[in-house]
Number of protein chains: 2
Amino acid sequence: MDPIPDFQPLYKQVYDVLVRRIAEGQWQPGQVLPSEHALAAELHVSQGTVRKALDTLAAENLVQRHQGKGTYVAEHTQEHSLFRFFRLARPNTDGDRITPESTDARCKRRVATAAEAARLHLPKGATVVEIKRVRLVDGKRAVSEKAVVPLKLFPEIDHQDALPNTLYSLYQSVYGVNIVLAKEELSAVLANQSDEKELGIEPGSPVLRIERIALSINGERAELRTSRCDTRHIVYAIDVS
Amino acid sequence: MDPIPDFQPLYKQVYDVLVRRIAEGQWQPGQVLPSEHALAAELHVSQGTVRKALDTLAAENLVQRHQGKGTYVAEHTQEHSLFRFFRLARPNTDGDRITPESTDARCKRRVATAAEAARLHLPKGATVVEIKRVRLVDGKRAVSEKAVVPLKLFPEIDHQDALPNTLYSLYQSVYGVNIVLAKEELSAVLANQSDEKELGIEPGSPVLRIERIALSINGERAELRTSRCDTRHIVYAIDVS
DNA sequence: AAGTGGTCTAGACCACCAA
DNA sequence: TGGTGGTCTAGACCACTTA
């Protein structure tokens, strides 16, 4: 036999099937998957092969495994999602993260700028919703946040009555959009007029600017978020290995 | 039988043995390890168990595996090490990294400041070596870097005649200190006098400050590095999942 | 006690590399 | 051609959870 040209290991094929099912919502976030043996029987592979696929999913935070209980589709709960993508911490604490409070959000529906459309891979003139809010640390304003999302992915999101502290749980629970990866770019800039107003800092102060593209399980570019941080009392902390 | 109180899975014990041997230099960077079967026979476990330990080491970048060839102790070569810990990129390029050139380094032997001693877990009054250099991107000064290392870990490092572009390859090849993890804290600050001189930027310009603690395979705090970046043309890029 | 994930084994075969 | 890592299987037993 000639080798099959686009050969894929069995466990990879199983992995792909499981990802598709989760993406399509066949198993909802928080729900339990069938057991390893059940999946193995259904897909006609051995339990060890299913295991390898599930372990990969767990390593990517798509599922959570609990000995004795089962394998669950990962849920963007408040605390969980917060600590996964929110990387601000107090200095010199070896990465002990902060729980930020957030003020009321302000929504605006408008046409995407050229730059936003490019970053979000949207057609020119697409409608987006802009969600602005300020986050507090220890009761003080520390981060001004602007999230821009395609209206098409999140219809009527600007008419949600209460936006949660972590938008990603809303994306997931209401719109079935599962954020699994964020690409961030950090730079230092000077405070602009909006920063002075939102954060109450002096003109000319340094501001840490974080631009994030959030990617969904389907590879969609679901959100463009720009955070501007007053880093006098907090830092962006990350381990690189 | 009662359960053993501090039970460790076999593969974890194998993993620990292998880490210790690599840390002790029994297998040097770039050298090949014994095959899975050979290790399994020596340690009296199955090949699958060795495999799991080796896969874990590979996931942590401690070894590199090559089908048909063998398993090699990871080496901090120039390009490799550079792209692993150097996270600067051009904006909007989805993380395509930059290869920075570096100017001649200046070394100074001195006593650690209180802050440095605290961050490096050194006793008060310990001697350190400070290594300063400027990195260029596209021929322009972009990053001013200050590395502080304990003299005890790196004797006579200030008398090395040529410091490589990536210090970590020197730490590994000359001193046997293997950097495996870096903890970074980022903040935005204003340019100080030194920045003006080193980077040629205006006073009052925003500067991205990166403070990094580099940890060795033994858990030693091997280096405290402070980088100050002019982020007008480059950004710090990272994926968080 | 039953069911789940976690560990461990032994052995087969495949894909890749070097001599 | 022989040796290496990569895949896959089947089955045993352990540890943990829930009923």
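Annotations for the structure displayed:
- Backbone amide hydrogens, once placed in the peptide plane, bring B:Ala74 within less than 5 Å of B:Gly30, B:Val63, B:Gln64, excluding anything fewer than 5 places away on its chain.
- Restricting the calculation to Cα atoms, the stretch A:10-73 shows an Rg/Rh of 0.91 when the hydrodynamic-style radius is the Kirkwood one.
- Taking amide H as placed 1.01 Å from N in the peptide plane, B:Ser205 has its amide H under 5 Å from the amide H of B:Ala191, each at least 5 places away in sequence or on another chain.
- Take A:Ser173, move 7 Å from Cα toward the beta carbon, and the resulting point lies 5.5 nm from the same point in each other copy, nearest first.
- Sites count as exposed loop sites when they are trypsin sites (Lys or Arg not before Pro), lie in a DSSP loop, and have at most 16 other Cβ atoms within 10 angstrom; the longest stretch of chain A without one is A:153-231.
- Sequentially through the stretch A:129-135, phi angles give Karplus couplings (6.51, -1.76, 1.60; θ = phi - 60°) of 10, 9, 10, 10, 7, 10, 9 Hz, Gly and Pro residues having no value and appearing as x.
- Between 0 and 90°, nearest 10: helix B:10-24 axis offset from chain B longest Cα axis: 50
- Listed values for the stretch B:217-230 are Karplus-derived 3J(HN,Hα) couplings in whole Hz (6.51 cos²θ - 1.76 cosθ + 1.60, θ = phi - 60°), namely 4, 8, x, 5, 8, 8, 7, 10, 10, 10, 10, 10, 10, 7, and x replaces Gly and Pro.
- For chain A, the longest principal axis of the C-alpha atoms and the axis of helix A:47-59 are separated by about 0°.
- Gaussian network model of chain A, springs between alpha carbon atoms under 10 Å - residue of A:Leu224, A:Leu39, A:Leu153 with greatest fluctuation: A:Leu39
- From phi via Karplus (6.51, -1.76, 1.60), per-residue ³J(HN,Hα) for the stretch A:198-212 in Hz, x at Gly/Pro: 6, 9, x, 10, 6, x, x, 6, x, 9, 8, 9, 10, 10, 10
- Pseudo-label separations to other copies for A:Gln28 - Cα-to-Cβ vector, 7 Å, nm: 6.1
- Based on Cα contacts under 8 Å between residues 6+ apart, chain A shows a relative contact order of 16 percent.
- Normalised alpha carbon radius of gyration of the stretch B:78-236 [divisor 2.2 N^0.38 Å]: 1.02
- Partners of A:Lys132 within straight-line reach, counting lysines whose Cα lies under 24 Å from its Cα and excluding those fewer than 8 residues away in the same chain: A:Lys108, A:Lys124, A:Lys140, A:Lys146, A:Lys152, A:Lys183, A:Lys197.
- Distances between copies of B:Ala41, taken at a point 7 Å out from Cα along the Cα→Cβ vector and listed shortest first: 4.1 nm.
- Eligible lysines near B:Lys69 by straight Cα distance, threshold 29 Å, same-chain separation 8 or greater: A:Lys12, A:Lys52, B:Lys12, B:Lys52
- Here the sum of -39500 (n - 2.57) over DSSP H runs of 4 or more residues, divided by the residues of chain B, equals -8000 deg cm²/dmol at 222 nm, to the nearest 500.
Since every read-out is calculated from the coordinates, none of them should be taken as a lab result. Nothing here was measured: the structure is a model prediction, and the numbers come from that model. No Cβ is skipped: glycine too gets one built from the backbone with ideal geometry, and neighbour counts run over all protein chains shown.
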